[in-house]
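The values are calculated or read from the model by the stated rules, or taken from the named source; none is laboratory data. Bear in mind the structure is a predicted one, so any value in this text is a computation, not a measurement. Positions of Cβ are backbone-derived with ideal geometry, glycine not excepted, and every protein chain shown enters the neighbour counts. Heads up: the accessible areas ignore ligands, DNA and RNA and are worked out on the full protein's heavy atoms, side chains in. Shrake-Rupley method; radii C 1.70, N 1.55, O 1.52, S 1.80 Å.
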Amino acid sequence: MFNDTGDLAADRHLIFTHRLRARRLQLGLTQKQVVSRLARRGVRTSNKTLSSFEHGAGVDVARLPELAAALECSVTYLLGLTEDPLTWEPDGAREPGADRRGGPSVADGNWILGPDVPTRTARRT
């Protein structure tokens, strides 16, 4: 199903487009209904644009949270980082320092953006 050339960006893009459409169908929604849900969240788009997202056209990353909310799932799920549409934590990311709700503790750093994201304590002089 996914390309085996080792191109992580292409694989993630394919996963995203597949999950976007699959989740909409899983919820029994038409593209028009998703567009209406997006409009209620302040995102103006069209059926044509949503269709292009589902067929591989680039999506504006600023729209990811609203797309996820309209499809009743997490951004992490749409990006293929978890198999559970209702969880934010990437599969395999839970560490011993995780809190009781299953999420990483504050001390674990920023698990969603990656290990190379500067911390708030780093200040410019």
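Of these, 72, 83, which one is modelled with pLDDT of 85 or more and at positive phi?
None of the others qualify; the one that does is 72.
Listed here are the residues, each with its yes/no results for (1) open to solvent by 60 Å² or more (accessible area, probe 1.4 Å); (2) closer than 20 Å to residue 91 by Cα; (3) of a type in the set (Phe, Trp, Tyr).
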| position | (1), (2), (3) |
| --- | --- |
| 14 | yes, yes, no |
| 26 | yes, no, no |
| 29 | no, no, no |
| 42 | yes, no, no |
| 74 | no, yes, no |
| 80 | no, yes, no |
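Taking residue 9 as the residue in question, decide whether it is at pLDDT 90 or above and in a helix (DSSP H, G or I).
no
Six or more apart or on different chains, Cβ atoms under 9 Å: show the pairs whose first residue is in region 85-96 and loosely packed, with under 12 Cβ neighbours inside 10 Å and whose second is modelled with pLDDT of 65 or more.
Matching pairs, first to second residue: 86/72; 86/73; 86/74; 86/77.
Where residues in region 39-68 are aliphatic (A, V, I, L, M), part of a helix (DSSP H, G or I) and under 26 Å from residue 10 (Cβ atoms), which of them is modelled with the lowest pLDDT?
61
Name the single residue that is surrounded by the fewest Cβ atoms within 10 Å (Cβ to Cβ) among those in region 44-69 being over 12 Å from the mean Cα position of the chain (by Cα) and among the hydrophobic types (A, V, I, L, M, F, W, C).
Filtering first and then ranking leaves 57.
Report every pair of residues separated by at least 6 positions or lying on different chains whose Cβ atoms are under 8 Å apart, first residue within region 49-60 and on the phi > 0 side of the Ramachandran plot, second open to solvent by 30 Å² or more (accessible area, probe 1.4 Å) and assigned to a helix (DSSP H, G or I).
56/13; 56/14
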